[in-house]
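Just so it is clear, none of the values below were taken in a lab; they were calculated from the coordinates. This is a predicted model, so every value here is computed, not measured. We place every Cβ from the backbone using ideal geometry, glycine too, and count neighbours over all the protein chains shown.
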Ligand SMILES: [Cu+2]
C-alpha cells in the first residue's frame, strides 16, 4: 500500500505544475486559492489564498461566502505564549502596494457547516468581499488533507 | 547528532534569538540531559478509538512523537500531522521504532466525529487517543501543556479549543526529550529522530 502511495506521489510530483487561477477586482489580484480535502462534512474546512494590492490605497478583506459552507468566516490563528487559538478576524488588511497571504498558521477562511464533502482534485467557488474593491469570486482547488501549500504556481514563479 | 558543548550553546542562543523575533521554526534542543529533565517523565493512560487503554508501556522500545490537538482544527493540526506523516515515510524501516500519538484535547466531540478516520487520513501509523475529561487533563498536566475550551459564537458547536501546538518527543524509557514548535520542518524532525534511533 505504501509503495502505491509513493508511486502516486512521484507521478503527481512529475506532472506539470498547474498555473494558479487569478482573478482581479479593482487593483486587487487574488490567486493561489486552495483547500484541504475533508472527511465528510462534520468538521470545518479551510481556504487559503493570496491577495495582492497594486493600488495606492489600503483595502481589506471583510467577508467570504461559498456554496460549500453555511457558515464561512475569516479566522486568524494566533500564538500567545506558545498557545494557539483562532479568533474571528474582523478583517484581513491588504496594504497598498503589498500583499497578504491566508496560509497555515495565520489567516484562514474557516468553512463551518460544510454543505458538501471537499474532494481532492475538485474545485469550488469562494466569493470574497473587500471593503473598497467590492466582490470577486475565485475557484478554490481542493488538495490532499495533508497539503501545506498550493500545488499550483503563480505566473511569476 | 553529537554536538560539542559549544555547539549546543550556540544552538541554544540561536533558538532564543529565533524565538525573540517570533519565528515559528524553532527546535528547542534538549539533547543534553540535566537532572531536572531526567526527572521529567510524562505519563498518560488514555483509550484508543476501540476503547483499549493505552500507555507508554504499550510501546516498548519506541520513541513517541506526541501531539495534543483536536480534529475540528482545520488550520494548524493538519499541518503538524502532515509533517508527522512525512517523517514516518522518510524514516523508512526506522519508522518501526517510532510511535506517533494524537491525543485529543476535545475527546468527547472527537470520539463522536471519529478519531481513527481522522488520524488515518494523514498516516496509518498515527494512533489517536481520546479519554474522559480527567484522563485528558492528567495527560496534559503531565506533559506540562496547556489547553482550554473557549465558548465562542465564531466556532463550530459554539466553542473552540486553544492549545499548545508543539510536537513532543519521548524516549522509550519515558523521558521527555524535547519539543518541536509548530512549523518545525519535517526534515528537522527527521534528522533529530535519525540521530537518536
Ligand atoms: Cu479557524
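Please work out if residue A:110 is at the interface with chain B (Cβ under 9 Å from one of its Cβ atoms), within 17 Å of residue A:140 (Cα to Cα) and not in a loop (DSSP other than H, G, I, E, B). Yes: the conditions hold for residue A:110. I'd like the residue in segment B:113-132 that is surrounded by fewer than 18 Cβ atoms within 10 Å (Cβ to Cβ) and more than 10 Å from every other protein chain (Cβ to nearest Cβ) and, out of all such residues, is nearest to residue B:190 (Cα to Cα). So the residue we want is B:116.
Here is a check on your reading of the model: is residue B:180 facing chain A (nearest Cβ under 9 Å), in contact (Cβ under 8 Å) with a residue 12 or more places away in the chain and crowded, with 21+ Cβ neighbours inside 10 Å? Taking the combined requirement at face value, the residue does not satisfy it. Please specify each residue of segment B:164-197 satisfying the condition of being in a loop (DSSP other than H, G, I, E, B) and within 20 Å of residue B:93 (Cβ to Cβ). Hits for segment B:164-197 are B:171, B:172, B:197. The single condition from (1) more than 12 Å from every other protein chain (Cβ to nearest Cβ); (2) touching a helix residue (DSSP H, G or I) at 6+ places or on another chain (Cβ under 8 Å) that residue B:110 fails is (1). Restricting attention to segment A:73-106, the residues that are more than 9 Å from chain B (Cβ to nearest Cβ), crowded, with 19+ Cβ neighbours inside 10 Å, within 16 Å of the ligand (Cβ to nearest atom) and outside any loop (DSSP other than H, G, I, E, B) total 3. Selection within segment B:133-163: residues that are within 16 Å of the ligand (Cβ to nearest atom) and assigned to a helix (DSSP H, G or I). The member of this set that is nearest to the other protein chains (Cβ to nearest Cβ) is B:156. For residue B:104, the criteria (1) more than 21 Å from residue B:183 (Cβ to Cβ); (2) surrounded by fewer than 23 Cβ atoms within 10 Å (Cβ to Cβ) hold in every case but one, which is (2).
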